[in-house]
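Every read-out reported here was derived from the displayed coordinates using simple, explicitly stated rules and does not represent laboratory data. Every value quoted in this text rests on a predicted model; they were computed, and no experiment measured them. Every residue, glycine among them, receives a Cβ derived from its backbone with ideal geometry; neighbour counts consider all protein chains shown.
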Amino acid sequence: MAKIQARGVNREFQIRNTLGRKERLKVLEGFDLDINEGEFLSLLGPSGCGKSTFLSILAGLDKYDGGDILVDGRQLQERSFSRGIVFQSYALLPWRTVIKNLEVGLEIRHIPKHERRRTARQYLELVGLAAFENQYPHQLSGGMKQRIAIARVLAYQPDLLLMDEPFAALDAQTRENLQIELLRIWETDKKTIVFVTHSIDEAILMSDRVAFMSARPGHIKEIIEIDLPRPRTEDIRNSAEFAKIRKNLWGMLQDEVLKVQSYGGYL
């Protein structure tokens, strides 16, 4: 059974057009997707196609207007500790040390103090930052902050990890290092990951499958299997198969971008 089943999902927002009149903007329409237990799936598509909207719905941060979403065979609930989300921004609490930032979710779950500390240290070691547990966020680099944000979510052990362009704000070298770091962490316990990205290379490097979305109103246009060996390293970017997949995805993306441009950026 699939971990997530989305069928005919629709989402609309009310906006004001250039004349100041209210209109309904369709962001998702007829969105169908199955996500398997333990897989790393990336959502890729043109800007504004609804990638982050779908992720927010899965996280319980947004609603949907039609269709159906099942998680583990049960109707999607608005809030659940079985789902964790990592955003572009680090969202660390500046007045708390690194170790206490990791304990936030555990505190909400009323985990005893000694167990919170043990678990937090375990995940700090997992992301290679055990030596920084008593530092504050302002004392860390951007890459270190994002590692802490990932560790904080992993610490309360969600079954499903939702990631909305978590490396977008980082420099190229740090981004590439964290891509490999995340893959190493994922290989450890194979949590189900849904990963939103605008980067074709990132989607290929990380994913078991890439769900390519159409221009707005977004739906799944094609599922691309990434049949590349694991564990993956930076060297795989130089392979002929990587280049072939990239060329295919680039062509698909350009088609959708041209579609948006033909409508003056509005669909």
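Just a few scattered comments:
- In the stretch 7-95, trypsin sites (Lys or Arg not before Pro) in a DSSP loop with at most 12 other beta-carbon atoms within 10 Å: ARG21, LYS63, ARG79
- Tally of Lys pairs whose C-alpha atoms are under 16 Å apart, taken over the stretch 1-155, 8 or more apart or cross-chain: 5
- Gyration tensor (alpha-carbon) shape descriptor, the stretch 72-119, a/c threshold 1.5: oblate
- Cα shape, the stretch 144-235, gyration tensor, a/c 1.5 rule: rounded
- Here the stretch 50-166 is assigned +1 on the Cβ of each Lys and Arg and -1 on the Cβ of each Asp and Glu. Its dipole about the Cα centre then comes out at about 520 debye.
- Two-site label geometry, ASP255 and ALA243: point separation in nm, points 7 Å out along Cα→Cβ: 2.3
- Protection-proxy order for peptides 250-261, 33-44, 165-176, each taking the mean of Cβ atoms within 10 Å per residue, highest first: 33-44, 165-176, 250-261
- Förster radius 30 Å - calculated FRET efficiency between SER199 and LEU25, Cβ distance, rounded to 0.05: 0.70
- Residue among PHE212, PHE13, PHE81 with the largest mean-square fluctuation in a Gaussian network model of the chain, springs linking Cα atoms under 10 Å: PHE13
- Whole-number percent relative contact order across the chain, with pairs defined as alpha carbons under 8 Å at least 6 apart: 25
- Virtual spin-label span in nm between ASP32 and GLU187, 7 Å along Cα→Cβ: 3.6
- Near GLU222: Cβ cut-off under 13 Å, other residues only, Lys/Arg at +1 and Asp/Glu at -1. The net charge is -2.
- Gyration tensor verdict on the stretch 69-168 (Cα atoms; rounded if a/c is under 1.5, prolate if a/b is larger than b/c, oblate otherwise): oblate
- The fewest-to-most ranking of ASP32, ASP208 by surrounding Cβ atoms within 10 Å reads ASP32, ASP208.
- Annotation: the residues MET213, MET144, MET206, MET1, sorted from fewest to most other C-beta atoms within 10 Å of their own C-beta, follow the order MET1, MET144, MET206, MET213.
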